[in-house]
Amino acid sequence: SQTIHQWPATLVQPVGSPLSLECTVEGTSNPNLYWYRQAAGRGLQLLFYSVGIGQISSEVPQNLSASRPQDRQFILSSKKLLLSDSGFYLCAWSLGQGGYGYTFGSGTRLTVV
Amino acid sequence: AQSVAQPEDQVNVAEGNPLTVKCTYSVSGNPYLFWYVQYPNRGLQFLLKYITGDNLVKGSYGFEAEFNKSQTSFHLKKPSALVSDSALYFCAVRANTGGFKTIFGAGTRLFVKA
């Protein structure tokens, strides 16, 4: 069966520090991968999506970047965190264009202080 | 343009009563429609989907949703609410043409009182 792992679960980082959040998927090949941010426990903002290794599409210009070094690995990074980067970050995967829905990771609560 | 609306920020219902969480959408062509549930500090969990076929779709935890093409709605329902159903619910739509992006609604918080 397919599983998605996202870590860490919580993170407190000072302003100006770097960030690396990792997401891995098991049990499937060539998934579409997504990074979302959820602010204040409400709506989801799509940050990045990837349809293959090294292929990253950015939805919103920001202080963050994403990389996909392996088929089932998706990394969200920042060189220098801002206070506004605080939020709940969710990784998700789908088969193809998402017609069967998405499977989400358990999320990372990032607090920038 | 593709969009999805959840008109209620919050729905309150007593345990044992039926519940409805509303969702309307706008998309070109035939839609793929989804409901997800999120518990505090957790990722979203898939509840059910509509692609084609019967307008009444059954999903996890006793939830169902009714697709209404003329009203472009996909309301989530449950005949008898449980306190444990209290959570944040998201409707999502994916177009069947064009960019195939999935759009999520803003979410509706459901409170079930004992």
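Across peptide B:89-95, the average count of Cβ atoms from other chains found within 10 Å of a residue's Cβ is 2. The mean count of C-beta atoms from other chains within 10 Å of the C-beta of residues in A:95-104, rounded to a whole number, is 6.
Cβ-to-Cβ counts within 10 Å put B:Phe100, A:Phe104 in ascending order as B:Phe100, A:Phe104, the fewest first. A simple spin-label model places pseudo-atoms 7 Å from Cα toward Cβ; at A:Val60 and B:Asp9 they are separated by 1.9 nm. For the stretch A:1-108, what percent of Cα pairs sit more than 15 Å apart? Looking at the stretch A:1-108, the distances longer than 15 Å represent 61 percent of pairs.
Full extension of the chain segment joining A:Ser84 with A:Ser17 gains 22.8 nm, where the gain is 0.36 nm per residue of separation less the Cα-Cα distance.
Computed over the protein assembly as shown, the P(r) curve from all C-alpha pair distances, binned at 10 Å from the origin, holds 8, 32, 34, 20, 5, 0 percent per bin. Taking other C-beta atoms within 10 angstrom as a stand-in for reagent exposure, A:Arg109, A:Arg72 fall in the order A:Arg109, A:Arg72, fewest first. Distance between the 7 Å Cα→Cβ label points at A:Thr3 and B:Ser84: 2.2 nm. Grouping the Cα pair distances of the stretch A:58-113 into 5 Å bins from zero gives a pair-distance distribution of 4, 15, 20, 28, 19, 9, 4, 1 percent in increasing distance order. Using a cutoff of 8 angstrom between alpha carbon atoms and counting only pairs six or more residues apart, the relative contact order for chain B works out to 37 percent.
Values in this text are rule-based calculations from the coordinates and carry no lab data. Because the structure is a prediction, the values reported are computed rather than measured. Neighbour counts run over all protein chains shown; Cβ positions are idealised from the backbone, glycine included.
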